[in-house]
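Remarks on the structure that follows.
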Amino acid sequence: MATHALFLLFVAIAVYAQNVTGFALALILLGLVGVTDLVPLTDAVNAVTVMILVNAVTFLQRRWPLQLERALWPAVGASLVGAVAGVALLTWLVGVAYQLVRLLLGVSIVACALMLWRSARPLAAVSPSRSFVMVGGVSGVLGGLFSAAGPPLVYLMYRQPWRIERIQEALILFFGAGAALRLAIVAGSGQFSGNAVWLAAESVPVVFLVTRFAAGRAAPLPREMLKDLVCALLLVAGAGTVGAALAAL
């Protein structure tokens, strides 16, 4: 009981951060799980996939019809290929060495936090298609591995000379498509355990309630300060996960 209560607290923290900053749900939740080893990492990743998919469907229904930028489609295609590779890599790594997965997760969280912390000015022109393909592929691999596809694409998207509403809709669609594919792969191959189903089921009401609470109130701190706090939390969680994995190895 205490384990599930603490997990739901982690979910609430991650979802609140997602709502006030626009990113980091998967990274924060998996970072906290990685530090504490509270629940099996693969089960937590699968539960996060469901959370992201539920969020995407709800958001896109309210914004329909969408006005998507054409430059996004190469990234979506590359990310779907990357997601398949990421799931396959996770399956192999878990079979070889669980602690190696934790180490890789920790390194990924630290790298993503540093990248997101760096401020970037919008570009004068849209990035070339090869940039979207490359970043989409990397994001897809991260999504397949840890259901945390956001940071590379978030960084690229926020550098484009587009309105914030278009960027937001594109990112939500991107995350939802990747989550749907990942869920289909892991569920279809029998990798979605009963424990992961339980974690996802108990998390959905928390996601809903925290989102309603955060959406109806102004952010308690300036957005840049909130981003700094989230990135600091990511660094601590990532470094702790790396340390725990290295100690176990």
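The values are calculated or read from the model by the stated rules, or taken from the named source; none is laboratory data. Just so it is clear, the model here is predicted, and its values are computed rather than measured. With ideal geometry, Cβ positions are generated from the backbone for all residues, glycine too; neighbour counts draw on all protein chains shown. What goes into the accessible areas is simple: the full protein's heavy atoms, side chains included, and nothing from ligands, DNA or RNA. Shrake-Rupley method; radii C 1.70, N 1.55, O 1.52, S 1.80 Å.
Only protein atoms count toward the accessible area here, which uses a 1.4 Å probe; on the chain, the carbon and sulfur part of that area reaches 69 percent. Taking θ as phi - 60° and the Karplus parameters 6.51, -1.76 and 1.60, the scalar couplings of the range 143-148 work out to x, x, 6, 10, 6, 10 Hz in sequence order, x denoting glycine and proline.
Summed over the residues of the range 1-129 and divided among them, the accessible surface reaches 47 Å² per residue at a probe radius of 1.4 Å. Between 49, 36, 211, the Gaussian network model of the chain with springs among Cα atoms under 10 angstrom shows the greatest mean-square fluctuation at 36. Consider the candidate values [x] 48, 38, 32; [y] 51, 42, 36; [z] 54, 35, 35; state which one is Cα extents along the principal axes in Å computed from the structure displayed. Answer label, from the structure shown: [x].
So for the chain, taking the charge dipole from beta-carbon charges (+1 Lys/Arg, -1 Asp/Glu), which of 77, 101, 129 sits furthest toward the positive end? About the Cα centre, the residue reaching furthest to the positive side is 129. Against the chain, whose longest principal axis comes from its Cα atoms, helix 223-248 is set at around 30 degrees. State, to one decimal in nm, how far the label point of residue 5 lies from the label point of residue 97, with both points 7 Å from Cα in the Cβ direction. Those two pseudo-labels are separated by 3.7 nm.
Going by a ≥ b ≥ c, the root eigenvalues of the Cα gyration tensor, does the range 1-79 fall in the rounded group (a/c under 1.5), the prolate group (a/b larger than b/c) or the oblate group? Mind showing how you got there, number by number?
On the way: a/c = 2.60, a/b = 1.97, b/c = 1.32.
Prolate is the answer for the range 1-79, as a/c is 1.5 or above and a/b outweighs b/c.
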